[in-house]
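S.K.: Would you mind keeping the following structure in view while I ask a few things?
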Amino acid sequence: MSSGCPVSQPNEDWDPLAAKNHADPTDVYTRLRDECPVAWSDRFGGFYALTRFKDVTESALDWHTFTSAQKTPIPDATSPDRPPRAPAEVDPPFHTAYRDLLNRFFTPEYIRRIEPVIRRTARDLIGRCVSLGEVDAVASFTFYMPIQVQCIFLGISVEDADRIKTTINRIIDAGAAGDTETHKAANDDIYDYIYQVLATRKKAPHDPNDLISAMIYEEVDGRRLTDDDIAGTIRLFLQAGHGTTTNMLGSIIRHVAENSEDQKRLRNEPKLIPQAIEEMLRVWTPVRLVGRKTTRDVEIEGRTIPQGSRVGLMVSAANLDERKFDHADKVDFDRKPNPHIAFGFGPHRCVGASLAREQLRIAAEELLSMTDDFELTGEPEASTWTHLGPSKLPVRFVPRSVDLTGSVIRAGYRELVMNIAAVRDVAEATREIELRANEDAELPEWTAGAHIDLVLPGEIIRSYSLVDGPSDRTCWRIAVLREENGRGGSAMIHTLKAGDQVRVRWPRNKFALEDAEGYHFFASGIGITPILPMIEEAQQRGVPWRLDYVGRTRDRLAYLDRLEGHEQVRVHPTSEHGRPELDMLVAASDERSAIYACGSQGFLLGVEEAAERAGRNLHAEWFAPKPGARQAAAGSHEAFTVHLQRSDVDVSVQPGQSIIDACAEAGVTIPAACFEGTCSSCLSTVLEGVPDHRDSFLSPKERESGMLMAPCVSKSMTERLVLDW
């Protein structure tokens, strides 16, 4: 034993928060394993750190000596009377019984059911990164994906993900800094939220396929769980699941961005991705340690750890132990076997490991499929203790080139490959794309307000309104605003040029122009696109109309040259005159005129509120979900049965799973595009049952009737729905 590692009275052997040990602890781990494998640190009230693979795994198995049941987090910023959070902070036999309840929700088969929505989540977030080109990948991607997936998995509204994530980060940062006041305030906030979730879920009957419902209604070790028990488990899951996966995603992106040969290999050998992820989990284990407390004096590597001591099982150091792994500090995608312990070891091994692996695999697959390349553009910054990974990661993403090779025409859609005949700018950051079919093909009919779907590389689907009137059957035109904070689709489209080809799905219309004695159109920015053919149709009908067109500056208002010659058009550049008074504009409208609006979310909310105050009906098309639209109604079922009448099939829908994805597993395809409840492509007829509407396009009357629903986002208020499919 080196003199650097005293056997008796502990002196500090290392400082886990020292800058040289923090971002990349490889050197300090090597020193500790070789010279002081049972190391003492004065940090966080003092703890012993085990760094060798053998010592860590043997201690993890010996829960009698190294207990998890005595408040073992390192650091622990909680109050002394806080109850343990099962299953991580309890020991067998209660731990075993609790895991038996939880394990059935973390099987690969169960998690596979929500793979489509995990994949869409990854695509949307990566798309934003691709759209921006150069971003902080943590702030734009890895920060959000894990918490959104956890919300999906638990049946919690994804709209709450930002609130949860921000609160959990406050808890972690305050704990590492020893700020007990902030830690308590943030902890109280997250518990208040969880108790609200429990109160809502209790209004629905027991569903054995719903994790939260199972914890509420089922017994563990002969007793029903209390709300405190359940809240502690959800709180543990939200914190442990999001922090580890966020950091691991960042480490994967960093490694692949820095190592072009590894990136090239994964692109050429996508089947290698799961194996590569296991190796990166070993080298960049996102959790530095798991805490334990000794129940007796115990000697390890010649050093006595007294009873009641806090011990950190340094899984990240153990995974780099040369005694277990050859060339342990090198990333080797061909390493076999790879018995790493990134998810822990023994009875307390991470219950959510299968969900984490699924997220990492899907994220890597989508990242590689949506880009031609990505590389670091600056120096990463490190996360705070106890996580290991980047907290800031500047990366430049190169969008994937358009390639129609291997395109698959899916059931449920009418789709064709179209030629890009012309491309021209119609405003700052807005580009018009002219699409033509083969010379001998006549395009299908469509009506004003219709839109088409472009199927982009990586099966990214984006909807765009048709611009010119329906009378021209030889071509379609769309106008696309390049969104700086978009989901990547507009960035890809802005790379298209004349002569390219793109897959296009046929027009559909949930924003049709109804008969009226007059029309008052409202548009902001790119929202002018569906309004243009409506104006043309109104003129053909000989019906009076007017347009209020709002935008930041004139050079950002598309097709302004076509509109300014009409006396019915009023342009409102907010940089010149400020925001228009929407109440006054609505009030000036003829009461016999139908009001149609399209534009940004804030603009549509303003028009909607003004129309409500005036007692007027509004026809609106939303580009993004309305705020609050995807919140569950009280008593809504997250797990339920859907009977497909024409197919004569019963489908079980699980928490986090959309009706569409569940039906696809049963072999029935319901056409869909946005999966946000905005485009109406999945509109379905309800024959029995009561839907919980979470879309943004059905009118109040349509919702009240209960005869239509959007199965891409909506759920059920009853245990069974019958749909006309």
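The values are calculated or read from the model by the stated rules, or taken from the named source; none is laboratory data. Just so it is clear, the structure is predicted and the values come from calculations on it, not from any experiment. A quick note on method: Cβ atoms are made from the backbone with ideal geometry, for glycine too, and the neighbour counts reach across all protein chains shown.
S.K.: If you go through region 440-454 one residue at a time, do you hit one that is closer than 21 Å to SER524 by Cα, assigned to a loop (DSSP other than H, G, I, E, B) and either out of contact with any Phe, Trp or Tyr (no Cβ under 9 Å at 6 or more places or on another chain) or among the β-branched types (Val, Ile, Thr) (or both)? Can you show your working first?
M.R.: Within region 440-454, the first condition is being closer than 21 Å to SER524 by Cα, and the residues that meet it are 448-452.
Now drop any that are not assigned to a loop (DSSP other than H, G, I, E, B), which leaves 448-450.
In the following step, the residues that additionally are either out of contact with any Phe, Trp or Tyr (no Cβ under 9 Å at 6 or more places or on another chain) or among the β-branched types (Val, Ile, Thr) (or both) were identified as none.
The answer is no; no qualifying residue exists.
S.K.: Just for region 681-692: of the residues that are in contact with a strand residue (DSSP E or B) (Cβ under 7 Å, 6 or more places away or on another chain) and crowded, with 23+ Cβ neighbours inside 10 Å, which one is nearest to VAL455 (Cα to Cα)?
M.R.: Of everything passing the filter in region 681-692, SER684 is nearest to VAL455 (Cα to Cα).
S.K.: In addition: Which of (1) without any contact (Cβ under 8 Å) to a residue 24 or more places away in the chain; (2) crowded, with 18+ Cβ neighbours inside 10 Å; (3) over 26 Å from GLY486 (Cβ atoms) does GLU581 not meet, given it meets every other one?
M.R.: (2)
S.K.: Hey, another quick one. Just a yes or no: is a residue in region 605-612 in contact (Cβ under 8 Å) with a residue 40 or more places away in the chain, outside the structural domain of ALA448 (by TED's automatic domain parsing) and either aromatic (Phe, Trp, Tyr) or crowded, with 21+ Cβ neighbours inside 10 Å (or both)?
M.R.: Keep residues of region 605-612 that are in contact (Cβ under 8 Å) with a residue 40 or more places away in the chain, which gives 607.
Applying the additional criterion that residues be outside the structural domain of ALA448 (by TED's automatic domain parsing) yields 607.
Next cut, either aromatic (Phe, Trp, Tyr) or crowded, with 21+ Cβ neighbours inside 10 Å (or both) only: 607.
The answer is yes, given that some residue of region 605-612 is in contact (Cβ under 8 Å) with a residue 40 or more places away in the chain, outside the structural domain of ALA448 (by TED's automatic domain parsing) and either aromatic (Phe, Trp, Tyr) or crowded, with 21+ Cβ neighbours inside 10 Å (or both).
S.K.: Here are ILE147, ILE164, ILE194, ILE172: which of them is buried (at least 20 other Cβ atoms within 10 Å of the Cβ) and at pLDDT below 90? Break it down stepwise before answering.
M.R.: Numbers: ILE147 fails: at pLDDT below 90; ILE164 fails: at pLDDT below 90; ILE194 fails: at pLDDT below 90.
The unique qualifying residue is ILE172.
S.K.: For region 148-247, list the helices (runs of 4 or more DSSP H) that sit wholly inside it and hold at least 1 residues that are basic (Lys, Arg) and out of contact with any Leu (no Cβ under 7 Å at 6 or more places or on another chain); which are they? Lay out the reasoning, then the answer.
M.R.: On the way: elements: 161-177, 180-201, 211-217.
Hits in region 148-247: 161-177, 180-201.
S.K.: In this structure, does LEU272 turn out to be surrounded by fewer than 22 Cβ atoms within 10 Å (Cβ to Cβ) and under 29 Å from ARG400 (Cα atoms)?
M.R.: On the way: surrounded by fewer than 22 Cβ atoms within 10 Å (Cβ to Cβ): yes; under 29 Å from ARG400 (Cα atoms): yes.
It is true that LEU272 is surrounded by fewer than 22 Cβ atoms within 10 Å (Cβ to Cβ) and under 29 Å from ARG400 (Cα atoms).
Residue-wise test of (1) touching an Asp or Glu at 6+ places or on another chain (Cβ under 9 Å); (2) touching a residue at least 60 places away in the same chain (Cβ under 8 Å); (3) not assigned by TED's automatic domain parsing to the domain that holds LYS715.
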| residue | (1), (2), (3) |
| --- | --- |
| ILE147 | yes, yes, yes |
| PHE153 | no, yes, yes |
| ALA161 | no, no, yes |
| THR180 | no, yes, yes |
| ALA185 | no, no, yes |
| LEU198 | yes, no, yes |
| ASP207 | yes, yes, yes |
| ASP210 | yes, yes, yes |
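S.K.: Could you say which residue among ASP100, ASP13, ASP55, ASP91 is surrounded by fewer than 17 Cβ atoms within 10 Å (Cβ to Cβ), charged (D, E, K, R) and either closer than 30 Å to VAL220 by Cα or not assigned by TED's automatic domain parsing to the domain that holds THR180 (or both)? Spell out the reasoning first.
M.R.: Working: ASP13 fails: surrounded by fewer than 17 Cβ atoms within 10 Å (Cβ to Cβ); ASP55 fails: surrounded by fewer than 17 Cβ atoms within 10 Å (Cβ to Cβ); ASP91 fails: surrounded by fewer than 17 Cβ atoms within 10 Å (Cβ to Cβ).
Testing whether each residue is surrounded by fewer than 17 Cβ atoms within 10 Å (Cβ to Cβ), charged (D, E, K, R) and either closer than 30 Å to VAL220 by Cα or not assigned by TED's automatic domain parsing to the domain that holds THR180 (or both) leaves just ASP100.
S.K.: Further question: Please state which one of GLY155, GLY133 is under 20 Å from the mean Cα position of the chain (by Cα), buried (at least 18 other Cβ atoms within 10 Å of the Cβ) and on the phi > 0 side of the Ramachandran plot. Don't jump to the end; show me each part of the working.
M.R.: Values: GLY133 fails: buried (at least 18 other Cβ atoms within 10 Å of the Cβ).
None of the others qualify; the one that does is GLY155.
S.K.: What helices (runs of 4 or more DSSP H) completely inside region 487-597 contain at least 2 residues that are in contact with a Pro (Cβ under 6 Å, 6 or more places away or on another chain), at pLDDT 95 or above and not assigned by TED's automatic domain parsing to the domain that holds ALA450?
M.R.: Numbers: elements: 489-493, 528-541, 560-563, 574-577, 582-587.
Correct list: empty, since no element meets the threshold.
S.K.: Where in region 265-324 are there strands (runs of 3 or more DSSP E), lying wholly inside it, with at least 1 residues that are of a type in the set (Ser, Thr, Tyr)? Let's see the steps before the verdict.
M.R.: On the way: elements: 290-294, 298-300, 303-305, 310-313.
Correct list: 290-294, 303-305.
S.K.: Taking region 639-667 as the region of interest, how many residues are more than 19 Å from ALA204 (Cα to Cα) and of a type outside the set (A, V, I, L, M)? Full working, then the answer.
M.R.: Our first condition is that a residue be more than 19 Å from ALA204 (Cα to Cα); within region 639-667, this holds for 643-651, 660-667.
The next check asks that each one be of a type outside the set (A, V, I, L, M); those that pass are 643, 645-648, 650, 661, 663, 665, 667.
Of the residues in that region, 10 qualify.
S.K.: Of the residues SER658, SER696, SER716, only one is of a type in the set (S, T, N, Q) and more than 21 Å from the chain's Cα centre (by Cα); which? Working first, answer last.
M.R.: Values: SER658 fails: more than 21 Å from the chain's Cα centre (by Cα); SER696 fails: more than 21 Å from the chain's Cα centre (by Cα).
Only one candidate qualifies: SER716.
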